[in-house]
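Visitor: Submitted below is the structure of interest, expressed as structure tokens.
The values are calculated or read from the model by the stated rules, or taken from the named source; none is laboratory data. Nothing here was measured: the structure is a model prediction, and the numbers come from that model. Please note: Cβ atoms are built from the backbone with ideal geometry, for glycine as well, and neighbour counts cover all protein chains shown. When the accessible area is computed, the model is the full protein with side chains, heavy atoms only, and any ligands, DNA or RNA have been set aside. Shrake-Rupley method; radii C 1.70, N 1.55, O 1.52, S 1.80 Å.
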Amino acid sequence: MEKACFLPTNEGNPVWHPYRELLGSLMYTILCVRPDISFAVAYLGRFQNKPGEAHWQALKRVVQYIKGTKNLKFQFKRDEKAEALIGYADTDDRKSVSGYVFKIFGKTVSWASREQQTVALSFCEAEYAALSVAASKVLWLQGILEDLQQVPSGKPFRIFADNHGCIAMATNTENKRVKHIDVKHHFLREHVAHGRLQIVAIGTANQLADAFTKALEPGRFCNLCSLLGLTDSRRVLK
């Protein structure tokens, strides 16, 4: 799947094939059980208006990957020692592919990989925008947990990021160099300032959201899949 990021944007006359139908099926798979293909499918979704043969072949490679890893599944069992809710947010570069993933009591429950809708002038700003999107999601999940009486009301939750400049932007309300950033992204600073969220630095090696922002070499990709909680069901049964 790592070769998908080098596909041409336009191949001329498109070749007929059920590209959109297969893409839709894979998107459904992402939403339900397979976060590991989120980046690849989201990327290939950019070509659905005029897919060429290279795009079709790349999409079939994703299906081939799923066939070869069909035993990867989530095992949902509450971990009493884990935090009630934590999140990870990241972005790739100025292409602004954002990704986030959230865990509730140690289990992955929500994830996404998508292009940012606003233009970032720096890598730090792109990270800031990704954190803002993740913040809105974590507050929604927080509301659900509070309604279910699983966490106390007003408890701050942590989102992990691996860019220190971005963390400084989110936590320092006196920073005057961020006025040009879309106002909606400052939603993040407001909730950090009021103690509803905590933005915590994490090493890139442990940044789970990396799997949702870029193509990775096989070793790191497999490691992140394991950290997300995707396990071989055959081994679990044994």
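Visitor: Based on what the data block shows, is LYS50 outside any helix (DSSP H, G or I), open to solvent by 30 Å² or more (accessible area, probe 1.4 Å), farther than 16 Å from TRP111 by Cβ and at pLDDT 90 or above? Steps first, please.
Guide: On the way: outside any helix (DSSP H, G or I): yes; open to solvent by 30 Å² or more (accessible area, probe 1.4 Å): yes; farther than 16 Å from TRP111 by Cβ: yes; at pLDDT 90 or above: no.
When the stated conditions are applied, LYS50 does not pass them.
Residue by residue, here is whether (1) part of a helix (DSSP H, G or I); (2) over 23 Å from ARG46 (Cα atoms); (3) not aliphatic (A, V, I, L, M) holds:
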position	(1), (2), (3)
LYS60	yes, no, yes
LYS67	yes, yes, yes
LYS70	no, yes, yes
ASP79	no, yes, yes
VAL109	no, yes, no
PRO152	no, yes, yes
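Visitor: Taking into account only those residues within region 122-141 that are touching a Lys or Arg at 6+ places or on another chain (Cβ under 8 Å) and more than 20 Å from GLN198 (Cβ to Cβ), which is modelled with the lowest pLDDT?
Guide: Residue satisfying both the conditions and the ranking: SER122.
Visitor: Only residues that are buried (at least 22 other Cβ atoms within 10 Å of the Cβ) and under 15 Å from GLU190 (Cβ atoms): list them for region 148-172, please.
Guide: The answer is ILE159, MET169, ALA170.
Visitor: While we're here: Residue pairs, Cβ under 6 Å, 6 or more apart or interchain, first in region 145-163 and farther than 16 Å from GLU80 by Cβ and at pLDDT 90 or above, second surrounded by fewer than 17 Cβ atoms within 10 Å (Cβ to Cβ) and of a type outside the set (A, V, I, L, M, F, W, C). List them.
Guide: Going by the 6 Å Cβ cut-off, the qualifying pairs are GLU146/SER153; ARG158/GLN198.
Visitor: Could you identify the single residue in LEU131, LEU139 that is closer than 25 Å to ALA40 by Cβ, of a type in the set (A, V, I, L, M, F, W, C) and in contact with a Leu (Cβ under 8 Å, 6 or more places away or on another chain)? Even if it seems obvious, please write down each step before you answer.
Guide: Numbers: LEU139 fails: closer than 25 Å to ALA40 by Cβ.
Testing whether each residue is closer than 25 Å to ALA40 by Cβ, of a type in the set (A, V, I, L, M, F, W, C) and in contact with a Leu (Cβ under 8 Å, 6 or more places away or on another chain) leaves just LEU131.
Visitor: Restricting to region 66-96, what's the tally of residues that are closer than 17 Å to PHE160 by Cα and either buried (at least 20 other Cβ atoms within 10 Å of the Cβ) or modelled with pLDDT of 95 or more (or both)?
Guide: Filtering region 66-96 down to residues closer than 17 Å to PHE160 by Cα leaves 82-92.
Narrowing further to those that are either buried (at least 20 other Cβ atoms within 10 Å of the Cβ) or modelled with pLDDT of 95 or more (or both): 85-92.
Final tally of qualifying residues: 8.
Visitor: Starting from region 107-118, keep only residues that are of a type in the set (Asp, Glu), then list their pairs with residues that are open to solvent by less than 40 Å² (accessible area, probe 1.4 Å) and assigned to a loop (DSSP other than H, G, I, E, B) whose Cβ atoms are within a distance under 9 Å, requiring at least 6 positions of separation or different chains.
Guide: Final answer for the pair search is GLU115/SER96.
Visitor: Looking at region 204-217 only, could you name the residues that are in contact (Cβ under 8 Å) with a residue 12 or more places away in the chain, open to solvent by 30 Å² or more (accessible area, probe 1.4 Å) and assigned to a helix (DSSP H, G or I)?
Guide: Result: THR204, ASN206.
Visitor: Could I ask something else about it? Step by step: first the residues of region 107-147, then only those that are basic (Lys, Arg) and under 13 Å from the mean Cα position of the chain (by Cα), then the one that is most open to solvent (accessible area, probe 1.4 Å). Which residue is that? Break it down into steps so the answer makes sense when it comes.
Guide: Filtering region 107-147 for residues basic (Lys, Arg) gives 107, 114, 137.
This time we only want the ones that are under 13 Å from the mean Cα position of the chain (by Cα), so: 114, 137.
Numbers: ARG114: 123, LYS137: 51 Å².
This residue is ARG114.
Visitor: Another question, then. Of all residues in region 52-76, which are charged (D, E, K, R) and within 22 Å of the chain's Cα centre (by Cα)? Steps first, answer last, please.
Guide: First, pick out the residues of region 52-76 that are charged (D, E, K, R): 53, 60-61, 67, 70, 73.
ARG61, LYS70, LYS73, listed by residue number.
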